[in-house]
Amino acid sequence: MSSSDSAQNKAEELKGRAKEAAGAATNDDELKNEGQADQGVATAKQKVSEAADKVKEGVETVKEKLTGH
């Protein structure tokens with residue numbers, strides 16, 4: 001995962017937390033739920049990115065074994 005992806009996911013998570021807090025403070029359930037959803041999306045993106053990195057590492061390991069490099 002690139003550091004820019006990680007930073008973007010973290011920014012989305014923080015945006016979601018801010019929305020959730022604002023919704024809770026203003027008793028706005030819709031905004032609170034939207035914030036929770038934003039956090040969920042950011043977490044999912046992070047997990048997908050981490051899984052993709054593990055797959056890439058595995059592919060590189062196999063390539064190294066096959067080519068001897």
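Return only the number of the condition from (1) modelled with pLDDT under 95; (2) assigned to a helix (DSSP H, G or I) that MET1 does not satisfy.
(2)
Does at least one position in region 17-29 carry a residue that is of a type outside the set (Gly, Ala, Ser) and not in a helix (DSSP H, G or I)?
yes
Collect the residues in region 1-59 that are among the polar types (S, T, N, Q), free of Cβ contacts under 8 Å to residues at least 40 places away in the same chain and at negative phi, keeping them in residue-number order.
Within region 1-59, SER2, SER3, SER4, GLN8, THR26, ASN33, GLN36, GLN39, THR43 qualify.
Identify all residues within region 26-55 that are more than 20 Å from ALA7 (Cα to Cα) and basic (Lys, Arg); write none if there are none.
LYS32 - this is the single residue of region 26-55 that is more than 20 Å from ALA7 (Cα to Cα) and basic (Lys, Arg).
The values are calculated or read from the model by the stated rules, or taken from the named source; none is laboratory data. Keep in mind it's a predicted model, so treat the numbers as computed, not measured. For neighbour counting, all protein chains shown are included, and Cβ atoms are generated from backbone atoms with ideal geometry for every residue, glycine included.
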